[in-house]
Amino acid sequence: MTDKKMNVKLDHISKLYVNPKTGKPFKAVDDATVDILPGEFVTLLGPSGCGKTTTLRMIAGFESPDEGEIYIGEEAVNALTPNKRDTAMVFQNYALLPHYNVFNNVAYGLKLRKLPKDETRKKVFDILSLVGLNGMEDRMINQLSGGQQQRVALARALVIEPAVLLFDEPLSNLDAKLRVSMRTEIRRIQQQVGITAVYVTHDQSEAMAISDRIIIMDQGRIVQIGSPKDVYYRPVNHFVADFIGDASFLKGKVISVKDDAISVQIGSAVFVLHASLPPNTVECELLLRPESMHLDEVGQLPCEVTYSKFMGSYQYYQVNCEDQMIKVTEYNPKQKKEYKVGDQAFLAFNADDLHLIWK
Amino acid sequence: MVKKSSQWKRLEREKMFSDPVLMISILFIAVLLLLFVIYPLVMLISESFEVEKGDGVFSNYLAVLKMPSFRQAFRNTLVLGVVSSVLATIIGFLFAYVDAYIDLKSRLLKGVFKIVATLPIVSPPFVLALSALFLFGNSGLITRGIFGQLSSNIKGYRGIILVQTLTYFPTCYLMLKGLLKNIDPSLEEAVRNMGASRKVEFFTVTLPLLVPGIGNAILVSFLESCADFANPMLIGGNIDTLATSIYLQYTGGWSTGSAGNAAAMAVYLLVLTTIFFLLQKYVLEVRSVSTLTGKASRQRILIEDKSVTVPLKIIASAIGFFVIIMYLCVLYGSLMTVWGRDYRVTLKWWRYLFVGNGEGIRAFVTSFGLAFIAAVITSVFSMLIAYLVAKKRFVGRQVMEFVSMLAMAVPGTVLGVAYIRGFVTGLFHSGVLSGIYGSSAILIIVFVVRSLPVGVRSGISALRQIDQSIEESACDMGAGSTKVFTSVTLPLIKDSFFSGLVTSFVRSITSISAVILLVTPKILFITVRINAYADNGNFGVACVYATILIILAYASIGIMNLCTKRLYMQDKIE
């Protein structure tokens, strides 16, 4: 539908705020640098207060960065007001104009661009059918359900064919089921239109489901940028590992480094691992995803079962291994031996599934 | 204050300049506020320091302080302020409590409460004073008609206190009612659950929570009382207050004292009211709201105990009826053949005004016209200022808010004097703009300045209810500031706009204190005419005018209610 796929570049962006209680300034966004590719779907993910919404609002132009420059395409946009920027935002609470009906809400941006009437009509009807709202043109906003309002907000943003589509936690006001179907919908429409999209969320499964790349932020800083697989399997630190998915950690000690092969000792067992970064300490952490392990009579590390619960599709264990609490999920438990609390067993896993994290 | 980076400042500035309409409107409003609020006050203050050679800088202030009449006026102002405001707050609290905790049941009583609730907007000056004279004056209906030749001394302290209390308590009632409704009933239920009686609950929960609000109500009425001109003028007898002294000084009622002395008097009153205004706005108002942040989630369990409800209801309704009767007395006063002597009904005062010399029609047209123009200007400006203050970031934003609210602290009499000093010989005595003095324009400007604080305040609160993101979304779609304001903001605050229009109309047409100093004999303004007729003892004609004011005020509110209801319905239909 649109050919103008644009890249978005954040070049060492910082934003200062004042803590209203202490009066002290702090960096809500701290030296963020990202290059978002044309047509890419990128998610800003992080806990609340990590600076992800502030970053999005700086791209839209509602906030001015204290340091750094923002580029949309080749153009530096720092000094442009939001109405002069080629972005369109889908707001958390939809922010639809309550005194207009669906048609006029969607047509609002087109009317500002002084499009001929019949062209406006055609575009609005096309976009409404894209988001599945045919025949709703005359409804007032308060006559729509949350999911429908969400679609209107999306249609309104899409119809002006912006260079970049911005989403500020758009699904957080919907119920769980609708959230899942809407995120699929948003992804489908973004792919169909081929538009660059920046999406803010604190829901890691939403980020996984929707994005080409995920930008993980913590306390104003970007800690990792990568594909969903990257951030899940190769998190750069404990925070990312813990924030994305379910994680268990073992403590280890580096005993030797040979080229890129690092020997790590956990308890009495030694594993040879590969890491992208060279070690800076002897102490390290090893990430294990609960679904990558199972309990067995033989295995890599001895453990004691401290909790065992049948969850339907899987059996959920907590075991004590080398004084760490490790979570294990065993799928299709019907066919497997069920361990009881107090049982001695072994943690069995593939050494490739151990991921090294430096402290 | 945090130091924002220079880049941030530069970007904000560039964004602002890219929106010329916004820049121009900020500048335009700043100039007007400077010219019509700050400048006259500065001129007044500077004049109070103009002294003969050899005298000290403060010699005007010292000279004024030495006048026994001024000292008495100062004392009177404080005493009246304290007594009236405390009494008004007590009665207001009683009404609020009855409203929030007792099921009134009877429709008549509910009606009384409803009428009382509209009184703060519709309280033309002189009305209560006129009817107090009508009932309790030397030839009053009760003093003479019922008790025969009973001599009366309603004029003076008693009269002013009676009239001021009855004028200010409805405002206190509304303020406290709002706060009481915000007390979460579960707080009270919790202490009842722990074994507290209704009485203990009242003294340990309800009252302590309301203390800042009560303080706020007292201060607001105290300010009103200090600035009150009409009531002491009419019913004060030989009691002068600061406001009336300043007026008399300027109109030559007092032979002693120079212009500098008069200016010093005005500054004394200004300082007094400003201190209390700042105290009220920045200490008590903030606290009274912040202690009650809870939203009442449920209907509270009303008091059933008859030994409590019956006396409270009787007292409240007696006061309510009394006030309503006082308003009706003014109507009767306008129909009475001879004030206090001949109680037969006649239309001669009405005929005198409207058939005889036609003064009534001219006064009506003039007053209505001036107030209407002022109301339109006020409501447009206050929405604009409210929009800028609530939604935009610019240097001097807080100053703009403060200055537009400042007129609340300035008593009308002081503003009137300041306008005389500021404009009678033109700007800085240069002759520029001197034409507006004595014209209708200056009256309109005074009306606007006096109503602006109310408009701006209600505008800001209406705007704060609109989620920021709605306007942001329009801007994000490509709308500039002007387009956002006209296509999103304005339609969403139109109710507030209309009520602002009506409120400032009513405030303007019923205002007296500043007007009386600025009006020329050619301009017939109703409230000024009331003062003139009452001064001459021609109470019948004064009552005719007062009745017209009451009718006008209520009609405006009625029309507003109809309009907003219709607008609301239209929205539904669309």
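The values are calculated or read from the model by the stated rules, or taken from the named source; none is laboratory data. On a predicted model such as this, the values are computed, not experimentally measured, just so you know. Don't worry about glycine lacking a Cβ; one is built from the backbone with ideal geometry, like all the others, and counts go over all protein chains shown.
Regarding segment A:255-263, can at least one residue be identified that is in contact with a Cys (Cβ under 9 Å, 6 or more places away or on another chain) and more than 20 Å from A:Val42 (Cβ to Cβ)? Within segment A:255-263, one or more residues are in contact with a Cys (Cβ under 9 Å, 6 or more places away or on another chain) and more than 20 Å from A:Val42 (Cβ to Cβ).
One residue is enough: does segment B:259-276 have a residue meeting the conditions modelled with pLDDT of 75 or more and touching an Asp or Glu at 6+ places or on another chain (Cβ under 8 Å)? Full working, then the answer.
Let us first name the residues in segment B:259-276 that are modelled with pLDDT of 75 or more, namely B:260-276.
So of that shortlist, the ones also touching an Asp or Glu at 6+ places or on another chain (Cβ under 8 Å) come out as B:260, B:263.
Yes, that holds for at least one residue.
In the set B:Ser367, B:Ser382, B:Ser334, only one residue is touching a residue at least 24 places away in the same chain (Cβ under 8 Å), among the hydroxyl-bearing types (Ser, Thr, Tyr) and either touching a strand residue (DSSP E or B) at 6+ places or on another chain (Cβ under 9 Å) or farther than 30 Å from B:Cys543 by Cα (or both); that residue is B:Ser382.
Being farther than 30 Å from B:Gly426 by Cα, in contact with a Leu (Cβ under 8 Å, 6 or more places away or on another chain) and away from chain A (no Cβ under 14 Å) is true for just one of B:Ser85, B:Ser18, B:Ser25. Which residue is that? Outline the logic, then answer.
Details: B:Ser18 fails: away from chain A (no Cβ under 14 Å); B:Ser25 fails: farther than 30 Å from B:Gly426 by Cα.
Result: B:Ser85 is the single residue among B:Ser85, B:Ser18, B:Ser25 that is farther than 30 Å from B:Gly426 by Cα, in contact with a Leu (Cβ under 8 Å, 6 or more places away or on another chain) and away from chain A (no Cβ under 14 Å).
Residues checked against (1) in contact (Cβ under 8 Å) with a residue 24 or more places away in the chain; (2) of a type in the set (A, V, I, L, M, F, W, C); (3) not assigned by TED's automatic domain parsing to the domain that holds B:Thr118:
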{"site": "B:Asp184", "(1), (2), (3)": "yes, no, no"}
{"site": "B:Leu187", "(1), (2), (3)": "yes, yes, no"}
{"site": "B:Ala190", "(1), (2), (3)": "no, yes, no"}
{"site": "B:Ala196", "(1), (2), (3)": "no, yes, no"}
{"site": "B:Val200", "(1), (2), (3)": "no, yes, no"}
{"site": "B:Thr204", "(1), (2), (3)": "no, no, no"}
{"site": "B:Pro212", "(1), (2), (3)": "yes, no, no"}
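For A:Ala95, the criteria (1) within 23 Å of A:Met6 (Cβ to Cβ); (2) crowded, with 20+ Cβ neighbours inside 10 Å; (3) facing chain B (nearest Cβ under 9 Å); (4) among the small types (Gly, Ala, Ser) hold in every case but one, which is (1). In summary, B:Cys329 fulfils each of the numbered conditions (1) surrounded by fewer than 16 Cβ atoms within 10 Å (Cβ to Cβ); (2) touching a Ser or Thr at 6+ places or on another chain (Cβ under 7 Å); (3) not aliphatic (A, V, I, L, M) with the single exception of condition (1).
Considering the conditions (1) at pLDDT 85 or above; (2) surrounded by 17 or more Cβ atoms within 10 Å (Cβ to Cβ), B:Ile557 is excluded by exactly one of them, (1).
Inspect segment B:499-506 for any residue being without any contact (Cβ under 8 Å) to a residue 12 or more places away in the chain and more than 30 Å from B:Ser473 (Cβ to Cβ) and give the result as yes or no.
No, because not a single residue in segment B:499-506 is without any contact (Cβ under 8 Å) to a residue 12 or more places away in the chain and more than 30 Å from B:Ser473 (Cβ to Cβ).
Hey, does segment A:5-20 have a residue that's within 11 Å of chain B (Cβ to nearest Cβ), surrounded by fewer than 19 Cβ atoms within 10 Å (Cβ to Cβ) and among the acidic types (Asp, Glu)? No; the residues of segment A:5-20 include none that is within 11 Å of chain B (Cβ to nearest Cβ), surrounded by fewer than 19 Cβ atoms within 10 Å (Cβ to Cβ) and among the acidic types (Asp, Glu). Kindly indicate which of A:Ser248, A:Ser256 is polar (S, T, N, Q) and crowded, with 20+ Cβ neighbours inside 10 Å. The unique qualifying residue is A:Ser248. When A:Tyr331 is tested against (1) in contact (Cβ under 8 Å) with a residue 24 or more places away in the chain; (2) surrounded by 14 or more Cβ atoms within 10 Å (Cβ to Cβ), exactly one condition is not met: (2).
Of the residues A:Leu178, A:Leu174, the single one that is assigned to a loop (DSSP other than H, G, I, E, B), without any contact (Cβ under 8 Å) to a residue 40 or more places away in the chain and either more than 14 Å from chain B (Cβ to nearest Cβ) or of a type in the set (Ser, Thr, Tyr) (or both) is A:Leu174. For segment B:422-445, the tally of residues that are modelled with pLDDT of 85 or more and not small (Gly, Ala, Ser) stands at 5.
Is it the case that segment A:27-50 has a residue that's over 22 Å from A:Ile222 (Cα atoms) and more than 11 Å from chain B (Cβ to nearest Cβ)? No, segment A:27-50 contains no residue that is over 22 Å from A:Ile222 (Cα atoms) and more than 11 Å from chain B (Cβ to nearest Cβ). The requirement of being assigned to a loop (DSSP other than H, G, I, E, B), away from every other protein chain (no Cβ under 11 Å), farther than 26 Å from A:Asn7 by Cα and in contact (Cβ under 8 Å) with a residue 40 or more places away in the chain is fulfilled somewhere in segment A:137-159, by at least one residue.
On inspection, B:Ala318 fails the criterion of being in contact (Cβ under 8 Å) with a residue 60 or more places away in the chain and either assigned to a loop (DSSP other than H, G, I, E, B) or at negative phi (or both). Among the residues that make up segment B:335-351, is at least one of them of a type in the set (Ser, Thr, Tyr) and assigned to a helix (DSSP H, G or I)? No, every residue in segment B:335-351 fails to be of a type in the set (Ser, Thr, Tyr) and assigned to a helix (DSSP H, G or I). Out of the residues in segment A:62-87 that are of a type in the set (Val, Ile, Thr) and assigned to a loop (DSSP other than H, G, I, E, B), state the one that is farthest from the other protein chains (Cβ to nearest Cβ). Restricting to residues being of a type in the set (Val, Ile, Thr) and assigned to a loop (DSSP other than H, G, I, E, B), the top hit is A:Val77.
Of all residues in segment B:456-469, those being within 23 Å of B:Ser499 (Cα to Cα) and within 12 Å of another protein chain (Cβ to nearest Cβ) number 4. Would you confirm whether or not segment A:108-131 contains a residue that is within 22 Å of A:Gln149 (Cα to Cα), facing chain B (nearest Cβ under 10 Å) and among the β-branched types (Val, Ile, Thr)? The answer is no; no qualifying residue exists. All of B:Ser504, B:Ser496, B:Ser508 fail the test of being at pLDDT below 85, part of a helix (DSSP H, G or I), more than 12 Å from chain A (Cβ to nearest Cβ) and buried (at least 21 other Cβ atoms within 10 Å of the Cβ), apart from B:Ser496. Sub-8 Å Cβ pairs linking a first residue in segment B:235-246 that is in contact (Cβ under 8 Å) with a residue 60 or more places away in the chain and under 12 Å from B:Val163 (Cβ atoms) to a second residue that is small (Gly, Ala, Ser) and crowded, with 24+ Cβ neighbours inside 10 Å, at least 6 apart or interchain, are B:Ile235/B:Ala129; B:Ile235/B:Ala132; B:Ile235/B:Gly159; B:Gly236/B:Gly159, ordered by first then second residue. Among the residues of segment B:304-314, those that are in contact (Cβ under 8 Å) with a residue 60 or more places away in the chain and either over 16 Å from B:Ser106 (Cβ atoms) or among the basic types (Lys, Arg) (or both) comprise B:Asp305, B:Val308, B:Lys313. On inspection, B:Ser513 qualifies as away from every other protein chain (no Cβ under 14 Å) and buried (at least 22 other Cβ atoms within 10 Å of the Cβ).
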